[in-house]
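Colleague: Sharing a structure here in structure tokens format.
The values are calculated or read from the model by the stated rules, or taken from the named source; none is laboratory data. Nothing here was measured: the structure is a model prediction, and the numbers come from that model. Glycine gets a Cβ as well: all are built from the backbone with ideal geometry, and neighbour counts include every protein chain shown.
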Amino acid sequence: MSYEGIKKPIDAKGRLGILIPGLGAVATTFIAGVEAVKKGMALPVGSLTQMGSIRLGKRTENRMPLVREFVPLASLDDLVFGGWDIYEDNVYEAALQAEVLDAHQLHALKAELESIRPMSAVFDRDYVRNIDGPNVKKAANKMDLAELVMDDIRRFKEVNGCERVVMVWCASTEKYVEPCDIHQQIGAFEQALRDSDPRISPSMIYAYASLKMGVPFANGAPNLTCDIPALVSLSLENGTPIAGKDFKTGQTLMKTIVAPGLHARALGVSGWFSTNILGNRDGKVLDDPENFKTKEVSKLSVLEEIFDPERHPELYGEMYHKVRINYYPPRGDNKESWDNIDIFGWLGYPMQIKINFLCRDSILAAPIVLDLALFLDLAQRSNMRGIQEWLSFYFKSPQVKEGLRHEHDIFRQLIKLQNTLRYLMGEDLITHLGLDYYEELMESL
Ligand SMILES: NC(=O)c1ccc[n+]([C@@H]2O[C@H](COP(=O)([O-])OP(=O)(O)OC[C@H]3O[C@@H](n4cnc5c(N)ncnc54)[C@H](O)[C@@H]3O)[C@@H](O)[C@H]2O)c1
């Protein structure tokens, strides 16, 4: 293999720890879900690593193994969970409170879930205004907080006999911050940690601790977190894969399925109005304008980049795109979204598409957490490090090398992911050209 020492992954031996900042709706649905699957109570629907398959070789070869049979992923039986939260509820209590999974289903998993208690969190109310809790670390400065998180990781690894660990951020969305000078170089970033600079968010502290320990890190929220040059260079130096940002679920998942289709058929779009009601704790956090701003930026860029209005001004130059999220407690985690899409076709004749998605946010997010944890672990065993763009498939706002255009089209993202797996395992990449089949036909004449 040629790309900077990337090699065929070594086998996944021993236990894999999955550490999660934020044991709320997504994290508890993920952990309870894996435990339910392990007990044979349910299927891991929505997880590409568990239920997806991948074509290998030519279509005529008929080789279509399951992804988990093709690449050496950690098995679900080898996963161990831990995490941090500002509340003291164990995972059973937190899952009950989140009201995503049925209480009777959770009851059957009570012993496993109760044993997972949150470690005390790195938290700053300046970054998340609408919640507060007692389970928070105290230290002289932000570097000391990072050291405490590193101690937590070491202890967790030792107590649970883990061979490897990955971290997936599932905590609340932090307020919007722009990258600035202290986020550029690792030296300046570390000095800012020692100075407790207010421009370093809690999620950056977890990410720094994770990368310092060589623990792969994925960011499920739209916060900057590891999407800053200082942490990208740390991840490269320490041979650690990173990926982000913002799990692609719900309305944005639909957008990246529908928009590439409209674009592919050169249909015009004059407007796309998206609105949501959401009643969980995430919705409450996003009710604060500064936290919503972070989410809005993440959600808005998707259509811009799929339609590329600068290249196609006649089709998309006038497109009006608006995204709204309203906190509406009665719905809990069962979000409802409406999209009104004004499109136009041949000779400019207008048409409309309405999408009303009654989705379950955490049900869509949980399999993403699983896949990211397993794929990041795989990446590390293949010597991959730094930004893992092939995992864009899972994110609303994929992290890419600075200056590189994002790829939001879910079908292209899937091709990239599958070709990366083929590449790692020494299989031919698939271009979908397919002319060779017809050549064979001509030769047989
Ligand atoms: N549910 C989805 O479909 C979805 C999709 C994309 C992104 N996300 C993001 O994933 C994250 C989790 O979503 P959720 O629905 O589980 O939210 P949630 O509010 O139920 O859970 C978040 C948890 O994080 C905790 N927390 C906040 N700050 C923390 C910190 N600094 N350290 C440790 N814990 C902290 C909170 O106490 C809460 O328990 C949010 O940022 C959300 O925006 C969710």
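Colleague: Looking at segment 125-140, can you tell me whether even one residue there is more than 15 Å from the ligand (Cβ to nearest atom) and in the same structural domain as LEU378 (by TED's automatic domain parsing)? Walk me through it before giving the result.
Modeller: Taking segment 125-140 and keeping what is more than 15 Å from the ligand (Cβ to nearest atom), we get 140.
Checking which are in the same structural domain as LEU378 (by TED's automatic domain parsing) leaves us with 140.
Taking every residue of segment 125-140 in turn, at least one turns out to be more than 15 Å from the ligand (Cβ to nearest atom) and in the same structural domain as LEU378 (by TED's automatic domain parsing).
Colleague: In the list MET1, MET64, which residue meets the criterion of being at pLDDT below 95 and surrounded by fewer than 22 Cβ atoms within 10 Å (Cβ to Cβ)? Write out each step before concluding.
Modeller: Details: MET64 fails: at pLDDT below 95.
Result: MET1 is the single residue among MET1, MET64 that is at pLDDT below 95 and surrounded by fewer than 22 Cβ atoms within 10 Å (Cβ to Cβ).
Colleague: So in segment 60-86, with the set limited to residues that are in contact (Cβ under 8 Å) with a residue 24 or more places away in the chain and acidic (Asp, Glu), which one is farthest from VAL122 (Cα to Cα)?
Modeller: We begin by selecting, within segment 60-86, every residue in contact (Cβ under 8 Å) with a residue 24 or more places away in the chain; these are 60, 67, 70-86.
Filter once more, keeping what is acidic (Asp, Glu): 77-78, 85.
On the way: ASP77: 30, ASP78: 28, ASP85: 8 Å.
So the residue we want is ASP77.
Colleague: While we're looking at this one, here's another question. Return yes when ALA94 is in a helix (DSSP H, G or I), in contact with a Ser or Thr (Cβ under 6 Å, 6 or more places away or on another chain) and either within 16 Å of the ligand (Cβ to nearest atom) or not assigned by TED's automatic domain parsing to the domain that holds MET150 (or both) and no when it is not.
Modeller: Values: in a helix (DSSP H, G or I): yes; in contact with a Ser or Thr (Cβ under 6 Å, 6 or more places away or on another chain): yes; either within 16 Å of the ligand (Cβ to nearest atom) or not assigned by TED's automatic domain parsing to the domain that holds MET150 (or both): yes.
So ALA94 fits the description; yes.
Colleague: Quick test for you: out of GLU4, GLU69, pick the one residue that is among the acidic types (Asp, Glu), outside any loop (DSSP other than H, G, I, E, B) and away from the ligand (no atom under 11 Å from the Cβ).
Modeller: Working: GLU4 fails: outside any loop (DSSP other than H, G, I, E, B).
Of GLU4, GLU69, the one residue that is among the acidic types (Asp, Glu), outside any loop (DSSP other than H, G, I, E, B) and away from the ligand (no atom under 11 Å from the Cβ) is GLU69.
Colleague: Cβ-Cβ below 8 Å, separation at least six or inter-chain, first residue in segment 97-114 and under 13 Å from THR29 (Cα atoms), second charged (D, E, K, R) and loosely packed, with under 12 Cβ neighbours inside 10 Å: which pairs?
Modeller: LEU109/LYS39
Colleague: State whether the residues of segment 314-329 include one that is in a strand (DSSP E or B) and among the hydrophobic types (A, V, I, L, M, F, W, C). Walk me through how you get there before you give the answer.
Modeller: So in segment 314-329, the residues in a strand (DSSP E or B) come out as 320-327.
Filter once more, keeping what is among the hydrophobic types (A, V, I, L, M, F, W, C): 323, 325.
Looking through segment 314-329, at least one residue is in a strand (DSSP E or B) and among the hydrophobic types (A, V, I, L, M, F, W, C).
Colleague: Right, something else. If I ask for residues that are of a type in the set (A, V, I, L, M), within 22 Å of HIS406 (Cα to Cα) and either at pLDDT below 85 or assigned to a strand (DSSP E or B) (or both), which ones from segment 267-302 would you list?
Modeller: Within segment 267-302, VAL269, VAL297, LEU300 meet the criteria.
Colleague: How about segment 417-445: which of its residues are surrounded by fewer than 18 Cβ atoms within 10 Å (Cβ to Cβ) and closer than 29 Å to PRO222 by Cα?
Modeller: ASN419
Condition check ((1) touching a residue at least 24 places away in the same chain (Cβ under 8 Å); (2) among the aliphatic types (A, V, I, L, M)) across all residues:
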| site | (1), (2) |
| --- | --- |
| GLU305 | yes, no |
| PRO309 | no, no |
| PRO330 | yes, no |
| ASP333 | yes, no |
| GLY348 | yes, no |
| ASN356 | no, no |
| LEU370 | yes, yes |
| ALA373 | yes, yes |
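Colleague: Looking for something touching a residue at least 12 places away in the same chain (Cβ under 8 Å), under 30 Å from LEU96 (Cα atoms) and not aliphatic (A, V, I, L, M) - is there at least one such residue anywhere in segment 178-198?
Modeller: Checked against the condition, which is being touching a residue at least 12 places away in the same chain (Cβ under 8 Å), under 30 Å from LEU96 (Cα atoms) and not aliphatic (A, V, I, L, M), segment 178-198 yields no hits at all.
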